[in-house]
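J.: Sharing a structure below in C-alpha cells format, with a few things to ask.
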Amino acid sequence: MLMLKPIWIFIFGSVLLFPLTLCGEEPATGFERIFDGKSFEGWEHSGNWSIDDGAFYRSRSGGPLTYTVKLIPDDFELRFEWKVSKGCNSGVYYRPAQYEYQILDNVHSPYGENARQSAGALFFCMAPSRDVTKPFGEWNRGRIQCKGSVIEHWVNGQRVLSFDYRDPKWSKHVELLRVRGADLEARGGKLWLQDHGQDVWFRNLLLRPIGKEEILTADPNFKPLPVTGEALQKEEERVRKMRNAKQ
C-alpha cells in the first residue's frame, strides 16, 4: 500500500497534481496512476492475469500484461511495487528491444547466481550494485528513471543501478545486450509485465514524463556486482551460442 504523509492530495482525472510520498521516498509529483487497483482498463492480457487485493496477479500461464493506452515517453520515471512467489522470475519491460527491469526471487531462482540476472538488474546487461530485495511473499518498491542515455533502477528506496550506456567504460556490458538482440538506443516501446511461468504481483504503478529541464546524471561511483565463477562460464557459453546462431 502507498504510505502517505498527512497531506491533502487533489486529483484531476488520474493525474496526481500535488505531492504524495511513496513509502518514505521523496515526494512524487506529476505522476499518472496507470492502474486503478480494481480493473484492467488500459491493459491487455490473454486471461491469465487477475486482480488480487488491489494488485495485478499473474495466476496462470498465458503471456504478459501490456499497457495499451500509450507508449512510454522517451524520458520518464516509473514507480511500482512488486512481489514474487518462491523461485519467481519476471520483469518489467519499458523500452523496446530487451529493456527489462529484472524481477526475481534472488534466493530460490537459479537465475540468482548471475548478478546480471538478479532483481533490479538491466537483464543480461548491467547488474545492480547490491541486493536489497525482501524475501519472496513480501512487497518490494521498484523505480526506473531514464533520460537520454542514462538509466537508473531503484529497489526499496535505494538506487542500485545508474549508468550512461554511451560511456565507453560500459561497452562490454552493452555488447552483451546487443548480442541478445537489443538496441539501447530504441525508444517508443509499450510497458509490459512479464509472465515467465511463476506467480507474480504488481501494484501502485505510477508514470510521469521527465521534462527537458530535469537533469539526470549517472552516478560516477556506481559499481555493478561482479559475475564470476560458474555463473560467468554459463553466461559466456550462452553468448557464444547466440553469436553462432547469427552466423
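The values are calculated or read from the model by the stated rules, or taken from the named source; none is laboratory data. Keep in mind that what you see is a predicted model, and the values were worked out from it rather than measured. Please note: Cβ atoms are built from the backbone with ideal geometry, for glycine as well, and neighbour counts cover all protein chains shown.
J.: Which number in (1) more than 16 Å from the chain's Cα centre (by Cα); (2) crowded, with 16+ Cβ neighbours inside 10 Å marks the one condition that R180 misses?
T.: (2)
J.: Shifting gears a bit: Please determine, by comparing only the residues of region 216-247 that are closer than 29 Å to L71 by Cβ and modelled with pLDDT of 95 or more, which one is surrounded by the most Cβ atoms within 10 Å (Cβ to Cβ).
T.: Residue satisfying both the conditions and the ranking: P224.
J.: Among the listed residues V155, V150, V174, V179, which satisfies the condition of being over 24 Å from H45 (Cβ atoms) and in contact with a Pro (Cβ under 8 Å, 6 or more places away or on another chain)?
T.: Exactly one of V155, V150, V174, V179 is over 24 Å from H45 (Cβ atoms) and in contact with a Pro (Cβ under 8 Å, 6 or more places away or on another chain), namely V155.
J.: Could you tell me whether S85 is closer than 22 Å to H196 by Cα, more than 15 Å from the chain's Cα centre (by Cα) and at pLDDT 95 or above?
T.: Yes, satisfied.
J.: While we're looking at this one, here's another question. Quick one: in region 134-155, which of the residues that are within 13 Å of the chain's Cα centre (by Cα) and β-branched (V, I, T) is nearest to L205 (Cα to Cα)?
T.: Among those that are within 13 Å of the chain's Cα centre (by Cα) and β-branched (V, I, T), it is I144.
J.: For a quick check of your reading of the model, give me the residue pairs whose first member lies in region 102-116 and is under 14 Å from P128 (Cα atoms) and touching a residue at least 40 places away in the same chain (Cβ under 8 Å), whose second is polar (S, T, N, Q) and surrounded by 19 or more Cβ atoms within 10 Å (Cβ to Cβ), with beta-carbon atoms closer than 6 Å and at least 6 apart or on different chains.
T.: These pairs meet every condition: I103/S90.
J.: Now a separate question. For region 42-87, which fully contained strands (runs of 3 or more DSSP E) count at least 2 residues that are among the charged types (D, E, K, R)?
T.: The qualifying strands (runs of 3 or more DSSP E) are 76-84.
J.: Turning to a different aspect of this structure: Any residue in region 133-145 that's under 18 Å from L122 (Cβ atoms) and without any contact (Cβ under 8 Å) to a residue 60 or more places away in the chain: show its pairings with residues that are in a strand (DSSP E or B) and aliphatic (A, V, I, L, M) at Cβ separation under 8 Å, as long as the two are six or more apart or on different chains.
T.: Pairs that qualify, where the first residue is under 18 Å from L122 (Cβ atoms) and without any contact (Cβ under 8 Å) to a residue 60 or more places away in the chain and the partner is in a strand (DSSP E or B) and aliphatic (A, V, I, L, M), are T133/L104; T133/V155; N140/V155.
J.: Looking only at region 52-101, count how many residues are buried (at least 22 other Cβ atoms within 10 Å of the Cβ) and either without any contact (Cβ under 8 Å) to a residue 12 or more places away in the chain or in contact with a Pro (Cβ under 7 Å, 6 or more places away or on another chain) (or both).
T.: Of the residues in region 52-101, 0 are buried (at least 22 other Cβ atoms within 10 Å of the Cβ) and either without any contact (Cβ under 8 Å) to a residue 12 or more places away in the chain or in contact with a Pro (Cβ under 7 Å, 6 or more places away or on another chain) (or both).
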